[in-house]
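Novice: Starting off with a structure, shown below.
The values are calculated or read from the model by the stated rules, or taken from the named source; none is laboratory data. If you're wondering where the values come from, they're calculated on a predicted model, not measured in any experiment. When we count neighbours, we look across all protein chains shown, and the Cβ atoms used for this are built from the backbone with ideal geometry, even at glycine. Ligands, DNA and RNA are stripped out before the accessible areas are found, and what is left, the full protein with its side chains, is counted by its heavy atoms. Shrake-Rupley method; radii C 1.70, N 1.55, O 1.52, S 1.80 Å.
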Amino acid sequence: MMNFKGKNKFYILVTLTLLFIIQIIIYLSFNVTNPQITVVMILLVLIAFVGVLVSYMAIKRTGRRIKKIPDSYKEVYYDIVEIVGISVMNMAQKRNTMNMVLEIFEHASLQNRDVNEVTGGNLEEFMSGFIEVSGGKLSTIYLVSYSTFLFVIYILFIKLYKVIKYGGLSLEAIEQQVLDRGIVLTYLIIAYIFFPWMLTTVKKAATEQWRGIKKALLLIPFLLPLSLVSVLIISDNTTFREFLDSPMPILSSAFLVICALIISVVSFLVMRKYKLKT
Amino acid sequence: MIDKAQILKGLLDGCILKVVSDKESYGYKITEDLKHYGFKDLNEGSIYPVLVRLEKKGFVSSESKTSPLGPKRKYFVITEGGLDYLNSFNILWGQTSAIVNNILGGTSDDEF
């Protein structure tokens, strides 16, 4: 049986970073001559690496305490890390929750209690009280506003890239540099299907305590963005290519760009408001 | 089928405050005390979130101390605000339980 360390979120972060790097390489391979774009791309990669590093350091921080608890408790603890990780708690709430769980596990293991006796054999139920009291429940409203925020920010970024690369920042460039249907639809699918699918799969893996080969199922959601990006790049069917490269009337004026910015701010505020409400 | 969790939700705050009002206690001990009183289905997953909520409301305060077993754990004590809440809970429970018993027993206030 694979010695599962339960660091799903860390592995996903690494995978997303790699996907992002691959995408940047592809963009750069199309002769990007604008140094500002290159700098922005490099900065984004650095941010992704920092995210991976912070995540790794967070795991190491409580590592010494976790090492002392029995393996049966360790496995369940890491499953709970995944569940808490995908909740909407802020970092302090997540840290406090995991400290409480670790305190319970440390003392229960020293009393020679079985981990299933402590959790009642149902991780979702065990953690529901902790997540609810910290306002960390993942809901449809939160997922939709999160997806909307991701999608709008991403297409704004792509628009900014095209405007700066081909025309410089001007109203004329905003109107002339249009987004391709393929790009927009790809990121629409990634934001509204891939991210929620990935989050619910991670949660399912943690609450059902997937082990061994079953953990490979976590990779299935990643087939979606990989397939989409591959189709975008590789497809040479003329009709399909024309469809992918056809312009989409989105962000085609300064007014629409401002509307998109407002939508991104509103969706961000909805996410925050929902967190406060719970 | 009756939702026991929903009924307990309103009662656990008062019960936990009563347990903590006697002396400083910690999560597992509170759970065991409540089980001893009759709440057999409780585990730490039910109690710790309530302690967090009570602390947020200012009804209990906590301090992290080294336990006899070695690792640190949080010890909870009731506050003045918690005592006031407990007194109100006592009064309300007395009134409500009497009314519910009347209804279930098929008697009314007039018959007393």
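Novice: Would you mind putting A:117-130, A:63-76 in packing order, based on average other-beta-carbon counts within 10 Å, highest first?
Specialist: A:117-130, A:63-76
Novice: Here's something else I'd like to know. Quote the accessible area belonging to A:GLU175 in square angstrom, nearest 10, computed with a 1.4 Å probe and with ligands, DNA and RNA left uncounted.
Specialist: Estimated to the nearest 10 Å², A:GLU175 gives 110 Å².
Novice: While we're on this one: Give me the net charge for the shell around B:THR79: Cβ to Cβ below 11 angstrom, other residues only, Lys and Arg +1, Asp and Glu -1.
Specialist: Numbers: positive: B:LYS57; negative: B:GLU55, B:GLU80, B:ASP84.
Taking every other residue near B:THR79 into account, the sum is -2.
Novice: Quick one: which of B:16-27, B:91-102 comes out on top by average Cβ neighbours within 10 Å, and what's the full order, highest first? Can you show the working numbers first?
Specialist: Details: B:16-27: 18.5, B:91-102: 11.2.
Ranking the peptides B:16-27, B:91-102 by packing returns B:16-27, B:91-102.
Novice: Would you please classify the overall shape of segment B:33-97 from the alpha carbon gyration tensor, given that a ≥ b ≥ c denote the square roots of the eigenvalues, rounded means a/c under 1.5, and beyond that prolate means a/b larger than b/c while oblate covers the rest? Write out the running numbers ahead of the final one.
Specialist: Working: a/c = 2.50, a/b = 1.42, b/c = 1.76.
Here segment B:33-97 falls in the oblate category.
Novice: List, by residue number, every residue in segment A:75-116 with a reduction of 10 Å² or greater in accessible area between the chain on its own and the complete protein assembly, 1.4 Å probe.
Specialist: Buried by the other chains: A:MET100, A:GLU103, A:ILE104, A:GLU106, A:HIS107, A:LEU110, A:GLN111, A:ARG113.
Novice: Assuming R0 = 22 Å, can you tell me the calculated FRET efficiency for the pair B:LYS23 and B:ASP84, based on Cβ-Cβ distance, to the nearest 0.05? Could you put the intermediate results ahead of the total?
Specialist: Numbers: r = 19 Å, r/R0 = 0.86.
Rounded to the nearest 0.05, the efficiency is 0.70.
Novice: Tell me the accessible surface of A:LEU219 in square angstrom (1.4 angstrom probe, heavy atoms of protein chains only), to the nearest ten.
Specialist: 110 Å²
Novice: Could you check how much of the accessible area of the protein assembly as shown is carbon and sulfur, as a whole percent, using a 1.4 Å probe? Write down the numbers at each step before the final one.
Specialist: Details: 14130 of 21930 Å².
About 64 percent, which is the carbon plus sulfur part of the accessible surface.
Novice: Let me know the shape class of chain B, please: from the alpha-carbon gyration tensor, a ≥ b ≥ c as square roots of the eigenvalues, rounded when a/c is under 1.5, otherwise prolate if a/b is greater than b/c, or oblate.
Specialist: Working: a/c = 2.80, a/b = 1.90, b/c = 1.47.
Prolate is the answer for chain B, as a/c is 1.5 or above and a/b outweighs b/c.
Novice: Would you check the accessible area of B:HIS36, probe 1.4 Å, heavy atoms only, in square angstrom rounded to 10?
Specialist: B:HIS36 has an accessible surface of roughly 150 Å² with all protein chains in place.
Novice: Heavy-atom accessible area per residue, segment B:1-47, 1.4 Å probe: how many Å²?
Specialist: Value returned for segment B:1-47: 57 Å² of accessible area per residue.
Novice: Relative to the isolated chain, which residues of segment B:37-52 have their accessible area cut by 30 Å² or more in the presence of all protein chains (1.4 Å probe, heavy atoms, no ligands or nucleic acids)?
Specialist: At a threshold of 30 Å² (probe 1.4 Å), the residues of segment B:37-52 that become less exposed are B:ASN43, B:GLU44, B:GLY45, B:TYR48, B:PRO49, B:VAL52.
Novice: Could you do me a favour and compute the accessible area per residue for segment A:60-190, 1.4 Å probe, result in Å²? Don't skip to the answer; put the middle values down first.
Specialist: Values: 5920 Å² over 131 residues.
Here the per-residue accessible area is 45 Å².
Novice: Buried accessible area between B and A (1.4 Å probe, both chains summed, ligands and nucleic acids excluded), in Å² to the nearest 100? Please list the in-between numbers first.
Specialist: Numbers: alone 7590 and 15850 Å², together 21930 Å².
By this definition, chains B and A bury close to 1500 Å².
Novice: List the residues of segment B:71-87 that lose 50 Å² or more of accessible area once all protein chains are present, compared with their chain alone (1.4 Å probe, heavy atoms only, no ligands or nucleic acids).
Specialist: Hits at the 50 Å² cut-off: B:PRO71.
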